[in-house]
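J.: Take a look at the following structure, please.
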């Protein structure tokens, strides 16, 4: 949403593939057993379905994958934001890894993959948030253009140029480096990102 990509066949296919995985996740949740407070494993699919629908995250999961853009006419950005509910489902990863029936070495590999995924996701969110911030005023200058003070990226820059420039700055921010803010609002946002980066570092890597 921050970079406003044009309609593209490849982007649409990627979106459909991602939605497919989330639909499969919903189906699997109807078949995954659970442990009661008494320590007994419940494998009856009816009890599993009832628990998932009425006590689980079924409503959030369903809202995150329903194609509201196709169902409802018009361009409603508020409805599109329901896709953010997918982030709620990511929190199940640690529990899923802990319940995997495999040796500790294999679980450790999954945990490394989980940390890597969380790291990339966080940097991606900072990337989109930073571009949304600087694009509103269009006075921020990318690090590579500091000397010549060129801001052509807002007019001539492709989506990939804008994304990877912001991604580079997001990585710099994650390591505590300057984001070259030009306005008070950018300064406040970059300060928040840098402070939050220390918290994320401590959470992911201890």
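The values are calculated or read from the model by the stated rules, or taken from the named source; none is laboratory data. As the structure is a prediction and not an experimental result, all values here were calculated from the model. Cβ coordinates were reconstructed from backbone atoms using ideal geometry, including for glycine residues, and neighbour counts include every protein chain displayed.
J.: Looking only at the stretch 38-62, filter to residues that are closer than 27 Å to residue 20 by Cβ and touching a strand residue (DSSP E or B) at 6+ places or on another chain (Cβ under 7 Å); which one of those is modelled with the lowest pLDDT?
T.: Of everything passing the filter in the stretch 38-62, 48 is modelled with the lowest pLDDT.
J.: If you don't mind, there's one more thing I want to ask. Collect the residues in the stretch 170-199 that are crowded, with 17+ Cβ neighbours inside 10 Å and either in a helix (DSSP H, G or I) or under 19 Å from the mean Cα position of the chain (by Cα) (or both), keeping them in residue-number order.
T.: 170, 173, 174, 186, 189, 190, 193, 194, 197
J.: While we're looking at this one, here's another question. Within the stretch 85-154, which helices (runs of 4 or more DSSP H) (wholly inside it) include 1 or more residues that are at pLDDT 80 or above and within 12 Å of the chain's Cα centre (by Cα)?
T.: Details: elements: 86-90, 93-99, 104-137.
Result: 104-137.
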